[in-house]
Protein chains: 2
Amino acid sequence: MPVQNKKVSDAVIKRLPRYFRYLADLKENNILRISSKTLSEKMGLTASQIRQDFSCFGGFGQQGYGYNVETLYNEIKKILGVDKGFNTVIIGAGNLGQAIAKHAKFAERGFLLKGIFEVDEKIIGQKIKNIKIQHISKLDEFVKNTRVDIAILTVPREVAAKTAEKVTGLRIKGIWNFSAAEFDMPDDVAVENVHLSDSIMVLGYRIKNK
Amino acid sequence: MPVQNKKVSDAVIKRLPRYFRYLADLKENNILRISSKTLSEKMGLTASQIRQDFSCFGGFGQQGYGYNVETLYNEIKKILGVDKGFNTVIIGAGNLGQAIAKHAKFAERGFLLKGIFEVDEKIIGQKIKNIKIQHISKLDEFVKNTRVDIAILTVPREVAAKTAEKVTGLRIKGIWNFSAAEFDMPDDVAVENVHLSDSIMVLGYRIKNK
């Protein structure tokens, strides 16, 4: 059982889902063992980087003949919390919110959509994946009856900070933020930003400077 | 006129769109000048970090009384290529592809959607934002008549590598990849990955380890 180290660096944390994806692939292809060398080649890292990353969690005891894929997969799954799962709600059922609601992969990864909230009366009452879109004013009531770990913010930028504050007040501990706004949250709230515009602008820069 | 330095680090490149967003905000609020100190406080960076970032592009000559917001905005706009603009096509008009097609902000940032391509006959012929969804087999013909800088890949993971290869063969120089696959591309093709599942898994990790 790996030891959780609280001081794992951001860079390592960001690589964990990649390891998880690669190991899921290996598992699917019935590969039982993999050396850190082979894994590193597949992932474009160095073998020592991988050993160092894993050492943050106790090392997963690679012997001379490599890591056991299934064991490693399960350990990383546990580290990421994917084994226990997370309940999510989407706030903002516009185009992006709806696309995320329909995205099958998140459920496979342990992120279960429990509710969808909106202010637009025209779409309230509609169903996505059998979940009825509710008015945002129902969120307070909802979280009393259903554990919600993550609020997926797909609201317009102008109302994002206010919505994030509301969510935090309801003791939801994580915000997956698509709103292009940035906000300071209390230390016990985790925020992960997906700034799509930033990402495409970085791509533009790279094309221009090739 | 700032000098473009080819060796700008990834970390700096990734901050450019954030600078651009903040400066756009300041401009919108009719703020004419800003010191690196104030800008740094707004952005959660240090003032020296900001000066160092800007020095990669020639410095933008801050005097004692701060940066001229409009000038700085325009310089960063130029550095990002937003002034000249980029033509894009979406490949894969599923939920996510459609949501991106409808996302107004990308056009504001200079990313103009020129075409949408699909394999699903059920949706070919439909229009999104006045752009008719075409069969992917029409892409070759399309790029002969229209400059395409960026292919936005929102195809399923299984066909992503093949699609990326096809796109590269058509001399499209940038891939904005939502497919959760990773691929090696020739050096003259820029790839920017948006791994949504990775992002929510990182959030899950952070919640679990708060």
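Since every read-out is calculated from the coordinates, none of them should be taken as a lab result. Keep in mind that what you see is a predicted model, and the values were worked out from it rather than measured. Methodologically, a virtual Cβ is constructed for each residue, glycine included, from the backbone with ideal geometry; neighbour enumeration extends over all protein chains shown.
Note on the protein assembly as shown: Cα convex hull, mean projected area over all directions, 22.1 nm². Amide H to amide H, with H built 1.01 Å from N, B:Arg33 comes under 5 Å of B:Val69, counting only residues 5 or more places away or on other chains. Annotation: amide H of B:Asn177 within the under-5 Å range of B:Leu153, B:Glu192, B:Asn193, B:Val194, sequence separation 5 or more or interchain, hydrogens built in the peptide plane. When you restrict to C-alpha pairs under 8 Å that are six or more residues apart and normalise by the size of chain A, the relative contact order lands at 14 percent. Between amide H atoms placed 1.01 Å from N, distances below 5 Å from B:Val82 occur with no residue 5 or more places distant or on a separate chain. Say the cut-off is 29 Å between C-alpha atoms; which of A:Lys102/A:Lys166; A:Lys78/A:Lys122; B:Lys7/B:Lys77; A:Lys78/A:Lys114; A:Lys84/B:Lys162; B:Lys27/B:Lys144 go over it? In this structure, A:Lys78/A:Lys122; A:Lys84/B:Lys162; B:Lys27/B:Lys144 exceed 29 Å between Cα atoms.
May I ask you to compute the full-extension gain from B:Ile31 to B:Arg157, defined as 0.36 nm times their residue separation minus their alpha-carbon distance, rounded to one decimal in nm?
Full extension from B:Ile31 to B:Arg157 adds 40.9 nm.
Alpha-carbon geometry of region A:148-192: the Rg and the Dmax are 9.1, 24 Å, given in that order. When every Cα-Cα distance of region B:109-153 is counted in 5 angstrom steps from zero, the calculated P(r) takes the values 5, 21, 29, 29, 12, 3, 0 percent. Projecting the alpha carbon convex hull of region A:64-104 along each direction and taking the average yields 4.3 nm². When the Cα convex hull of chain A is projected onto planes of every orientation, the mean area is 14.4 nm². Other protein chain C-beta atoms within 10 Å of residue C-beta, averaged over B:189-197: 6.
For region B:30-90, the spread of Cα positions along the three principal axes, ordered from largest to smallest, is 43, 22, 21 Å. Model label sites at A:Lys105 and B:Asp188, defined 7 Å from Cα along the beta-carbon direction, differ in position by 3.0 nm.
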